[in-house]
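Novice: Sharing a structure with you now.
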Amino acid sequence: MLIIDTDPGIDDAVTILAALAGDPVPVDHFATVFGNVPLERTTENLHLVLRAAGRAGTPVAVGAASPLFREAVHAPHIHGNDGLAGITAGLPKPELANSRLDLSSLIRSSPTPVTFIGLGPLTNLAAALLTDPEIAANIERVIVQGGAVLTWGNTTPAATFNHYSDPEAAAVVYRSGVPVVQVGMDVCRYAGLRGETLLQFQDSTSEGGQFLWQIFSHHWRLRGGALTAESFLPFNDSLCLAYLLEPGMFTSEVLAVEIEITSPLTRGATVADFDRKMGRPASVEVLLDVDLEAYASFMTERLTSLL
């Protein structure tokens with residue numbers, strides 16, 4: 001079973017469209033969580049993305065509206081007030097097919113081990129593990145977008161947005177014993193697509209292609225300029241999809257990783273034990289490098305199938 005837990009979000013939207021394009025990834029369940037924008041907005045955004053992918057009416061399970069123990073933080077300065085760079089004002093409201101997320105039951109009842117892709121804060125999975133720890137036995141792996149061990153964070157000098165948003169949730173997941181794959185800034189910082197690729201979508205005649213064009217062009221305006229052939233846009237979440245389908249493009253190391261939850265200065269930091277000093281088992285596969293050309297080719301092939 002494959003579950004995508006998401007907080008759309010520009011890079012979430014691009015990742016999900018890439019997953020469902022061409023030879024689509026068989027996603028069994030979509031769930032939403034607060035994050036880039038509040039929960040109501042992330043849920044509506046997911047429906048907009050699914051409609052653009054030709055999946056209108058796909059059921060969506062609605063998860064946590066706030067962190068386990070903190071106030072929610074959001075990122076409108078990156079994703080716009082609507083989470084999709086302002087494009088939703090010109091779109092008709094999506095058809096909603098929502099239910100409350102019961103992640104524990106989903107995982108327990110799965111006939112096959114679960115792969116959980118966390119594109120937002122890990123609150124939903126952490127809450128399920130806290131209330132029902134035995135579900136860990138039926139989780140094959142958790143692919144997490146977040147973290148930085150050999151580079152700096154994207155929200156604070158020490159931390160990335162998803163872990164900063166709910167560090168206690170990240171700590172629960174990392175300490176649970178489930179196999180975690182950390183797709184952090186060590187590989188996301190330099191991986192992206194050039195404007196010459198993105199400009200192809202300007203004349204797309206498909207709903208998915210035009211949806212992508214609106215995201216690309218509006219997102220670049222948020223950055224204070226116009227999209228040109230020389231522009232470069234990273235889509236951090238998309239590297240989770242690349243790992244799922246083509247893990248060979250990455251270099252990684254399995255390490256013990258702790259999440260900082262008490263220090264205001266380093267809240268949400270991922271502390272990796274390269275020299276085995278913590279005395280904890282190494283259970284997190286930390287992606288440390290990526291073949292940038294292979295990644296760009298992978299994403300270009302999947303996205304341009306929507307043209």
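Novice: Among THR266, THR160, THR32, whose mean-square fluctuation peaks in a Gaussian network model of the chain (Cα, cutoff 10 Å)?
Specialist: THR266
Novice: Does anyone have the angle between helix 10-20 and the longest principal axis of the chain? Alpha-carbon axes, 0 to 90°, nearest 10?
Specialist: That helix lies at roughly 80 degrees to the long axis.
Novice: Return the carbon/sulfur percentage of the accessible area of the range 133-193, one whole number, probe 1.4 Å, all protein chains in place.
Specialist: 55
Novice: Search the structure for amide H atoms under 5 Å from the amide H of SER252, placed 1.01 Å from N in the peptide plane, and list their residues when 5 or more places away or on another chain.
Specialist: Hits under the 5 Å cutoff: LEU288.
Novice: Rounded to the nearest 20 debye, what is the charge dipole size of the chain about its Cα centre when +1 sits on each Lys and Arg Cβ and -1 on each Asp and Glu Cβ?
Specialist: 440
Novice: To the nearest Å, what is the center-to-center distance of the range 108-134 and the range 50-92, using C-alpha atoms only?
Specialist: Going from one Cα centre to the other spans 20 Å.
Novice: Moving to a separate point now. When the expected Rg is taken as 2.2 N^0.38 Å, what fraction or multiple of it is the alpha-carbon Rg of the range 174-213?
Specialist: Its radius of gyration relative to the 2.2 N^0.38 Å reference: 1.89.
Novice: Over the alpha-carbon set of the range 24-73, divide Rg by the Kirkwood Rh and report the Rg/Rh ratio to two decimals.
Specialist: Taking Rg over the Kirkwood Rh, I get 1.03.
Novice: Rounded to the nearest 20 debye, what is the charge dipole size of the range 11-142 about its Cα centre when +1 sits on each Lys and Arg Cβ and -1 on each Asp and Glu Cβ?
Specialist: Taking the Cα centre of the range 11-142 as origin, the dipole is about 120 debye.
Novice: Give or take rounding to whole Å, what are the principal axis extents of the alpha carbon atoms in the range 205-275, in descending order?
Specialist: Extents along the principal axes, in whole Å: 51, 34, 24.
Novice: Over the range 27-173, one equal point on each Cα, no solvent: what is log10 I(q)/I(0) by the Debye formula at q = 0.11 Å⁻¹?
Specialist: Calculated log10 I(q)/I(0) at the listed q: -0.44.
Novice: If you don't mind, another one. Computed on alpha carbon atoms, what radius of gyration and Dmax characterise the range 239-307, expressed in Å?
Specialist: Gyration radius and largest Cα-Cα distance of the range 239-307: 16.2, 51 Å.
Novice: In addition: Taking the 0 to 90 degree range and rounding to the nearest ten, how far is the long axis of helix 207-222 tilted relative to the main principal axis of the chain, both from C-alpha atoms?
Specialist: With both axes taken from Cα atoms, the answer is about 80 degrees.
Novice: For the chain, with every protein chain kept in place, what is the accessible area per residue (1.4 Å probe, Å²)?
Specialist: Per-residue accessible area for the chain comes out at 40 Å².
Novice: Also, I was wondering about something else. Only Lys, Arg, Asp and Glu count, each charged at its Cβ (+1, +1, -1, -1), so figure out the dipole size of the range 211-307 about its Cα centre, rounded to 20 debye.
Specialist: With only Lys, Arg, Asp and Glu charged at Cβ, the dipole is about 420 debye.
Novice: In a Gaussian network model over the chain where Cα atoms closer than 10 Å are linked, find which of GLU168, GLU44, GLU293 has the largest mean-square fluctuation.
Specialist: Result for the chain, Cα springs under 10 Å: GLU293 fluctuates most.
Novice: DSSP beta bridges in the chain, what fraction antiparallel, as a percent rounded to 5?
Specialist: Percent antiparallel among DSSP bridges in the chain is about 30.
Novice: Further question on the same structure: What ³J(HN,Hα) values, in whole Hz, does the Karplus curve 6.51 cos²θ - 1.76 cosθ + 1.60 give for the range 91-99 when θ = phi - 60°, with x put for Gly and Pro?
Specialist: 10, x, 4, x, 6, 9, 9, 10, 9
Novice: Could you tell me the calculated FRET efficiency between GLU230 and GLU134, based on Cβ-Cβ distance and R0 = 51 angstrom, to the nearest 0.05?
Specialist: Here the calculated transfer efficiency is 0.45.
Novice: Let me ask another. To one decimal place, what orientation-averaged projected area in nm² is obtained for the convex hull of the Cα set of the range 137-205?
Specialist: Over every viewing direction, the Cα hull of the range 137-205 projects on average to 7.3 nm².
Novice: Follow-up. Using all alpha carbons of the chain, what is the percent of pairwise distances in each 20 Å bin, ordered from the shortest bin to the longest?
Specialist: In order of increasing distance, the bins hold 36, 60, 5 percent.
Novice: Show me the ranking of peptides 206-215, 134-143, 221-230 by mean Cβ neighbours inside 10 Å, starting with the highest.
Specialist: Going by the mean number of other Cβ atoms within 10 Å, highest first, we get 206-215, 134-143, 221-230.
Novice: I'd like to know which of SER305, LEU2, PRO38 lies farthest towards the positive end of the charge dipole of the chain, counting +1 on Cβ of Lys and Arg and -1 on Cβ of Asp and Glu.
Specialist: The residue sitting most towards the positive pole is PRO38.
Novice: Next question, about the same structure. Can you tell which of MET278, SER252, LEU241 lies farthest toward the positive end of the dipole of the range 237-307, using +1 and -1 charges on the Cβ of basic and acidic side chains (Lys, Arg; Asp, Glu)?
Specialist: So the residue we want is MET278.
The values are calculated or read from the model by the stated rules, or taken from the named source; none is laboratory data. Note that this is a predicted model, so its numbers are computed, not measured. Counting neighbours? That spans all protein chains shown, and the Cβs are built from the backbone with ideal geometry, glycine included. Just the protein is used for accessible areas: all its heavy atoms, side chains included, with ligands, DNA and RNA removed. Shrake-Rupley method; radii C 1.70, N 1.55, O 1.52, S 1.80 Å.
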